[in-house]
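Undergrad: Input: one structure, supplied below.
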Amino acid sequence: MIELKNISKYYNPGSVNELCLFDKFSLTVNDGEFVSVVGSNGSGKTSMLNIICGSIPIDSGNIIVNGTDITLKKDYLRHRRIGRVFQDPSKGTCPSMNILENMSIADNKGKPFDLGRGTNKAKVAYYQELLRPLNLGLEDKMYTQVGSLSGGQRQALSLLMSTMTPVEFLILDEHTAALDPKTAEIIMQLTGKIVKEKKLTTIMVTHNLRYAVEYGNRLVMMHEGTVIMDKSGSDKKAVETEEIMAIFNKISVECGN
Amino acid sequence: MALVLSVFEQGMIYAIMALGMYITYKILDFPDMTVDGSFPMGAAITAILISRGMNPFIALPVCFMAGALVGVLTGLIHVKLRVRDLLSGIIMMTALYSVNLTIAGRANVPIYNRQTIFDNEFMNKIIPEALNPYKTLLVVTIITLVTKLLLDAYMATKSGFLLRAVGDNDTLVTSLGVDKGLVKIIGLAIANGLVALSGSIFAQQQRFFDISIGTGTAVIGLASVIIGTSLLKKVNFLKITTSVVIGSLIYKACVALAVRMGLPSSYLKFITAALFLLILVFGMDRNTKAKAKPQAADRSQL
């Protein structure tokens, strides 16, 4: 369970450019929830993910995971329980290393990075089995540099890598935004499958309202640092894309764009 | 012939330093100026140990450890005190000048008539008399190759993978639950360890320590790395570490040629700098970091 309690975050505090992103923002994500988060640019969706992961500091408030306050915990320590996929496909993989090396390094998460051999030949077949269902042909490219793969292929690999080891939470930051529609579809199906199989508590930020409606069991809409819509369970199932679109347009008009 | 021999000897010695700079500059993307201080530090420690009668082979691991310590300090300044990479190195380089003078006691320490790794009872026994002119080159080549192979082996370990990952994409290292700062510090430690080791061997070959030998170390190292990675990038069968060693030999040969063509030896550092500039211009490694990365990527698999 992730609890954000009374989070306040200001950019450039004390200057003329002071910008209040969150003022006493609270949100609770329960175990097993797959939350789709939508909202306009600047509504604080990505900042919220960064705050959970410790990538940006907060001014006040508490971040509580499974009852433990992690507000002051370093980012890399938090990531031991979190799998994370970014919008930019290059952030989840190492371009100068090949697929086998990338998967090996991800597979070693949580274990010591010592002087043992970086890759294990015996595991190649297992990694290929993981790649095969993607239907991207990656299983035949184990020794190909990840930097030479397409964005979609890298993102699929990033998603696999982020969930290879046992993690509790999956944080998806517009992870299909940089992909073409067909590849985005493949990645979303893979996401749904992984979340279901591994029973991950997931927060997915997306600009694709259809994905937000189709996937997940809770839907949150954010606007100017607050939650303006929060539907879960049967309410969420009843939500239609058009309905969200209407609310979305309304807040956008209010903002003057 | 003596010139060729000396080029190979010095090229091989500086190659160890260049391998260290390959770690910081190419892998960690960290322009590390500390080397201008850690190279003469290796030389200073060696000169003092040998002049006190210490076994010259002991000086090698001692210098590596001392260099590693210096690398850790540069890393701590950068990671913990959040000083920019270039400035962290400059701070350490400047401070080390005084440290080196303190270690050596004075600006110049000769170690003539002392045993070195090239000239001692053991080496004199196992290397036949006929090979005497090539003794230094032989010993240096073996040490450089062993160092290169050890570095290659390290790069294939889990820890080595992290080092490669942190220069490539440090977000991934954080995502793996590892402190990227710590990985950078380890990289700097290994790099400066190698640089000090190279300084130790250099002092033993020259048979003296001089406070000024460190000036321009970073330039020589960077030039070797860039020659190795840019000029030799078409030669696909070479490992990148091998290319760096060859880069060091080529660079030393260029400097020797320039001196041979009649430039006074007081121009040595000028030649060093001018050649580096030429290499940067023709190697096109100036503002093409983003483009250069994938090229480096293509190579490191080989």
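Undergrad: What is the Cα centroid distance between the range B:48-101 and the range B:136-168, reported in whole angstrom?
TA: Centre-to-centre distance over Cα atoms comes out at 20 Å.
Undergrad: Within 12 Å, Cβ to Cβ, of B:Pro56, how many net charges do the neighbouring residues add up to if Lys/Arg are +1 and Asp/Glu are -1?
TA: For residues surrounding B:Pro56, the net value is +1.
Undergrad: For the range A:170-198 and the range A:98-152, what is the separation of their C-alpha centers, rounded to whole Å?
TA: Computed from Cα coordinates, the inter-centre distance equals 19 Å.
Undergrad: On to the next question. Probe of 1.4 angstrom, ligands and nucleic acids ignored: what's the accessible area per residue over the range B:2-214, in square angstrom?
TA: Heavy-atom SASA per residue in the range B:2-214 reads 39 Å².
Undergrad: Return the long-range amide H neighbours of A:Met229 (sequence gap of 5 or more, or a different chain), with a cut-off of under 5 Å between placed amide H atoms.
TA: Amide H neighbours of A:Met229: A:Met221.
Undergrad: What do you reckon, how do B:Leu232, A:Leu130 stack up by accessible area (1.4 Å probe), largest on top?
TA: A:Leu130, B:Leu232
Undergrad: Can you tally the net charge around A:Leu49? Count Lys and Arg as +1, Asp and Glu as -1, for every other residue whose Cβ sits under 11 Å from the Cβ of A:Leu49.
TA: Summing Lys and Arg as +1 and Asp and Glu as -1 gives 0.
Undergrad: Which links in B:Lys26/B:Lys239; A:Lys9/A:Lys74; A:Lys9/B:Lys184; A:Lys74/A:Lys109 stretch past 22 Å when you go from one Cα to the other?
TA: As for pairs spanning more than 22 Å Cα to Cα, those are A:Lys9/B:Lys184.
Undergrad: Using a Gaussian network model on chain B with a 10 Å cutoff between Cα atoms, which of B:Asp119, B:Asp179, B:Asp168 fluctuates the most?
TA: B:Asp179
Undergrad: Just for the Cα atoms in the range A:54-142, what are the lengths along the principal axes, largest first, rounded to whole Å?
TA: Each principal axis gives a Cα extent; for the range A:54-142 these are 49, 31, 25 Å.
Undergrad: With every protein chain kept in place and ligands, DNA and RNA left out, what is the accessible area per residue of chain A? Probe 1.4 Å, answer in Å².
TA: Averaged over the residues of chain A, the accessible area is 46 Å².
Undergrad: Just the number, please: carbon plus sulfur as a percent of the accessible area of the range B:2-214, 1.4 Å probe, no ligands or DNA/RNA counted.
TA: Carbon plus sulfur share of accessible area: 67 percent.
Undergrad: Relative contact order for the range A:72-205 using alpha-carbon pairs under 8 Å, separation at least 6, rounded to a whole percent?
TA: 36 percent
Undergrad: Could you give the longest part of chain B that holds none of the chymotrypsin sites (Phe, Trp or Tyr not before Pro) found in DSSP loops with at most 14 neighbouring Cβ atoms within 10 Å?
TA: The longest such stretch corresponds to B:113-236.
Undergrad: Going from most exposed to least, what order do B:Lys180, A:Lys45 have by accessible area with a 1.4 Å probe?
TA: From most exposed to least exposed: B:Lys180, A:Lys45.
Undergrad: Could you identify which residue out of A:Leu19, A:Leu49, A:Leu170 has the top mean-square fluctuation in a GNM of chain A using Cα springs shorter than 10 Å?
TA: In the Gaussian network model the winner is A:Leu19.
Undergrad: Tell me the accessible surface of A:Asp31 in square angstrom (1.4 angstrom probe, heavy atoms of protein chains only), to the nearest ten.
TA: Accessible area, nearest 10 Å²: 110 Å².
Undergrad: Where Rh denotes the Kirkwood radius from the mean inverse Cα pair distance, what is Rg over Rh for chain B?
TA: 0.96
Undergrad: Still on this structure, I have one more. For chain A, what is the relative contact order in percent, using Cα pairs closer than 8 Å and at least 6 residues apart in sequence?
TA: The value is 27 percent.
Undergrad: Counting Lys +1, Arg +1, Asp -1, Glu -1, what net charge surrounds B:Val72 among other residues with beta carbon under 13 Å of its beta carbon?
TA: Neighbourhood net charge equals +1.
Undergrad: Short version: what are the Cα gyration tensor semi-axes of the protein assembly as shown, square root of 5 times each eigenvalue, largest first, in whole Å?
TA: In descending order, the three semi-axes are 54, 24, 21 Å.
Undergrad: Please check the range A:118-143 for residues whose accessible area, probe 1.4 Å, is lower by 30 Å² or more when all protein chains are in place than in their chain alone.
TA: Residues losing area: A:Gly118.
Undergrad: Evaluate E = 1/(1 + (r/R0)^6) for A:Arg117 and B:Asn55, where r is the Cβ-Cβ distance and R0 equals 30 Å; express this FRET efficiency to the nearest 0.05.
TA: With R0 = 30 Å, the Cβ-Cβ based efficiency is 0.35.
Undergrad: Find me the longest stretch of chain A that has none of the exposed GluC sites (Glu not before Pro), where exposed means in a DSSP loop (not H, G, I, E or B) with at most 14 other Cβ atoms within 10 Å.
TA: After excluding every exposed loop site, the longest remaining stretch is A:19-239.
Undergrad: At 222 nm, what helix-only mean residue ellipticity would the protein assembly as shown give, in deg cm²/dmol to the nearest 500, using -39500 (n - 2.57) for each DSSP H run of four or more?
TA: -17000 deg cm²/dmol
Undergrad: Here is a further query. Over all distinct Cα pairs, what is the inverse of the mean 1/r for the range A:18-76, reported as the Kirkwood hydrodynamic radius in Å?
TA: Over the range A:18-76, the inverse of the mean reciprocal pair distance is 12.8 Å.
Undergrad: Which whole-number percentage describes the relative contact order of chain B, with Cα contacts under 8 Å and a sequence gap of 6 or more?
TA: 35 percent
Undergrad: Ok, one more. Sorted by accessible area with a 1.4 angstrom probe, largest first, how do A:Cys94, B:Cys254 fall?
TA: Output order, biggest surface exposure first: B:Cys254, A:Cys94.
Undergrad: Now, a different point. Under a 10 Å cutoff between Cα atoms, tell me which one of A:Met142, A:Met245, A:Met221 has the largest fluctuation in the Gaussian network model of chain A.
TA: A:Met245
Undergrad: Moving on. Report the accessible surface area buried between chains B and A, summing both sides, using a 1.4 Å probe on protein heavy atoms only, in Å² rounded to the nearest 100.
TA: So the total buried area for this chain pair works out to about 2400 Å².
Undergrad: Report the charge-dipole magnitude of the range B:2-214 in Debye, nearest 20, computed about the Cα centre from +1 at each Lys and Arg Cβ and -1 at each Asp and Glu Cβ.
TA: 300 debye
Undergrad: Quick check on my link table: of A:Lys24/A:Lys45; A:Lys45/A:Lys196; B:Lys135/B:Lys252; A:Lys121/B:Lys233, which ones sit more than 21 Å apart, alpha carbon to alpha carbon?
TA: Exceeds cut-off: A:Lys45/A:Lys196; A:Lys121/B:Lys233.
The values are calculated or read from the model by the stated rules, or taken from the named source; none is laboratory data. Nothing here was measured: the structure is a model prediction, and the numbers come from that model. As a convention, Cβ positions derive from the backbone with ideal geometry for all residues, glycine included, and neighbour counts pool all protein chains shown. Side chains are part of the model used for accessible areas, which takes the heavy atoms of the whole protein and leaves out ligands, DNA and RNA. Shrake-Rupley method; radii C 1.70, N 1.55, O 1.52, S 1.80 Å.
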